[in-house]
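The values are calculated or read from the model by the stated rules, or taken from the named source; none is laboratory data. Fair warning: this is a prediction, and the values are worked out from it, not measured in the lab. FYI the Cβ positions are ideal-geometry reconstructions off the backbone, even for glycines, and counts take in every protein chain you see. These accessible areas exclude ligands, DNA and RNA; they are computed on the full protein's heavy atoms, side chains included. Shrake-Rupley method; radii C 1.70, N 1.55, O 1.52, S 1.80 Å.
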Amino acid sequence: MWRNFLISFERALVLSPLPIKPHQCSWNAVRINKLTSAQRSISSSVVLYKTETQPSSSEGDAEYIVPYKPEYERSQSSQALVEALRTRFRLSDTEMQQIMEDSMVSKNCRKKSLLLTIDILMAEGVTRRQFLEYPWIITLDKGALVEKLSLLKSLRGFRDINDFVPFLKIHLPRLRRLVGSMNNEADHVTYGNRVYYISDKLQVPAKMVTKFLAKRLFVLEMPLEMFKTNLELMLKYNVESNNILKDLWAFRYAPRSVEMRLKRAMSAKKDKIMPWMVRCPESILQKSLQLSLDDLEILGDRTPAEYIGDRLGFTAEEAMCIMNKHPQVKKVRMTKIKEVLDYLLNEAKFTRHEIAQVPRILCHSLETTKQRMEELKTHGCRPSSLVILCKSKREYSKFLNSWIEHYNPNKSVPHNEIKDES
């Protein structure tokens with residue numbers, strides 16, 4: 001009580017000093033001399049408070065000169081993590097940033113347990129590459145992590161923990177069920193478990209297999225015979241390995257339905273059969289197969305490069321060089337390429353060399369191309385290059401306005417100019 005009174009009194013003296021009369025000087029001097037050392041220290045500490053703030057009767061209401069920020073503590077913890085990762089893996093600045101910007105790492109970087117988790121993973125043989133690809137592994141709880149590692153190593157046919165790093169994100173109860181299920185079928189699948197079986201069949205590393213399976217765990221939980229049959233069917237109809245892994249939903253369909261869809265795609269001579277053809281609605285599959293049949297009717301036994309070369313009077317090698325100037329041409333349907341070439345050669349009367357110089361025109365909308373050609377024609381413009389027809393709407397409008405203003409031969413001559421000429 002007495003201490004708070006002294007603090008309030010001394011603060012009042014600092015904030016609003018009263019004028020001192022000459023006859024009061026001696027009394028004030030005596031009073032100041034009588035202050036104890038403790039009181040002087042209290043009065044001197046008053047200056048540490050901000051004079052702009054409202055005086056308070058409690059010591060706890062005082063403010064710091066330099067405000068405390070939680071970011072200071074966070075930055076120190078982050079720095080410790082950064083130093084630990086640099087020491088262990090010799091990471092570049094870019095790689096370090098890649099790890100620290102991961103959402104899980106940035107959220108948990110203040111935890112001291114992260115350093116212990118890193119050491120546990122390194123002791124198990126987890127490589128530098130896995131830390132870069134899956135930064136979240138350093139945020140795993142120690143207790144759950146140790147049990148997960150033990151479960152994965154109990155898999156029959158287990159080779160390397162790096163093949164199963166993505167599975168460390170699976171919740172512990174489900175991981176137990178998965179490991180138990182895979183071990184029960186180990187005698188019926190090559191290499192001891194489905195991961196290595198898929199890796200062998202698709203001829204891809206096991207690390208890549210688990211990267212995609214970790215997001216589609218139903219592949220490991222579905223009946224083994226159904227899974228093996230569907231996988232064999234996709235390989236039989238030349239579905240690429242990467243496309244199989246990127247679209248695992250096709251495995252959920254009955255083998256009979258899968259085979260029927262793949263056979264229909266093959267009968268339409270699809271050059272690239274995709275897993276989505278197994279699971280898409282019937283109307284979409286019909287449209288896709290019809291487009292393939294239309295393209296096949298145009299091409300016959302020729303390749304797209306041979307067809308374009310025949311239309312423009314070039315060899316297949318020269319046509320391929322033309323297509324390589326704008327690779328998007330290779331993805332355009334042949335029906336569209338035929339329509340564009342028919343218009344440019346027969347109606348717009350462009351030469352084969354003008355078309356070859358701007359292969360991008362083959363990707364451009366035919367409707368827009370016709371509209372722009374008609375608009376330019378009404379203003380007396382026949383473009384010397386097809387480039388302007390492929391420009392954005394803004395750039396095309398800018399060109400057209402410039403032409404109308406400066407070069408349009410159809411522009412009416414002002415009346416005073418006609419009078420001068422006469």
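On the stretch given as segment 366-391, residues that are at pLDDT 90 or above, open to solvent by 20 Å² or more (accessible area, probe 1.4 Å) and either within 20 Å of Y307 (Cα to Cα) or of a type in the set (S, T, N, Q) (or both) total 3. Under the condition of being assigned to a loop (DSSP other than H, G, I, E, B) and more than 12 Å from A84 (Cβ to Cβ), which residue from segment 96-121 is least open to solvent (accessible area, probe 1.4 Å)? Filtering segment 96-121 for residues that are assigned to a loop (DSSP other than H, G, I, E, B) and more than 12 Å from A84 (Cβ to Cβ), the one least open to solvent (accessible area, probe 1.4 Å) comes out as D102. Scanning segment 129-163 for residues that are open to solvent by 20 Å² or more (accessible area, probe 1.4 Å) and not in a helix (DSSP H, G or I) returns Y134, L140, D141, S154, R156, G157, F158, R159, D160. D295 fulfils the conditions (1) acidic (D, E); (2) more than 37 Å from the chain's Cα centre (by Cα); (3) surrounded by 13 or more Cβ atoms within 10 Å (Cβ to Cβ) except for a single criterion, (2).
Which ones in segment 125-183 are small (G, A, S) and either in contact with a strand residue (DSSP E or B) (Cβ under 6 Å, 6 or more places away or on another chain) or more than 27 Å from M100 (Cβ to Cβ) (or both)? Answer for segment 125-183, where residues must be small (G, A, S) and either in contact with a strand residue (DSSP E or B) (Cβ under 6 Å, 6 or more places away or on another chain) or more than 27 Å from M100 (Cβ to Cβ) (or both): S150, S154, G157, G180, S181. Considering (1) within 30 Å of A214 (Cβ to Cβ); (2) open to solvent by less than 70 Å² (accessible area, probe 1.4 Å); (3) out of contact with any helix residue (DSSP H, G or I) (no Cβ under 6 Å at 6 or more places or on another chain), the lone condition that I284 does not fulfil carries the number (2). I'd like to know if segment 324-343 contains one or more residues that are open to solvent by 40 Å² or more (accessible area, probe 1.4 Å) and at positive phi. No: zero hits. Out of K269, K263, I need the residue that is touching a residue at least 24 places away in the same chain (Cβ under 8 Å), on the phi > 0 side of the Ramachandran plot and open to solvent by 70 Å² or more (accessible area, probe 1.4 Å). Which one? Step by step, each of K269, K263 is checked, and only K269 is touching a residue at least 24 places away in the same chain (Cβ under 8 Å), on the phi > 0 side of the Ramachandran plot and open to solvent by 70 Å² or more (accessible area, probe 1.4 Å).
Determine if segment 355-370 includes at least one residue that is more than 27 Å from N401 (Cβ to Cβ), under 38 Å from the mean Cα position of the chain (by Cα) and of a type in the set (K, R). So far as segment 355-370 goes, no, none of its residues is more than 27 Å from N401 (Cβ to Cβ), under 38 Å from the mean Cα position of the chain (by Cα) and of a type in the set (K, R). If you filter segment 185-228 down to residues that are open to solvent by 20 Å² or more (accessible area, probe 1.4 Å) and among the aromatic types (F, W, Y), you find that the one that is modelled with the lowest pLDDT is Y191. On the stretch given as segment 223-280, residues that are farther than 30 Å from P304 by Cβ and part of a loop (DSSP other than H, G, I, E, B) total 3. In the set (1) open to solvent by 90 Å² or more (accessible area, probe 1.4 Å); (2) assigned to a helix (DSSP H, G or I), K349 fails one condition alone, (2). Among residues that are within 17 Å of S365 (Cα to Cα) and at pLDDT 90 or above, D310 is not included.
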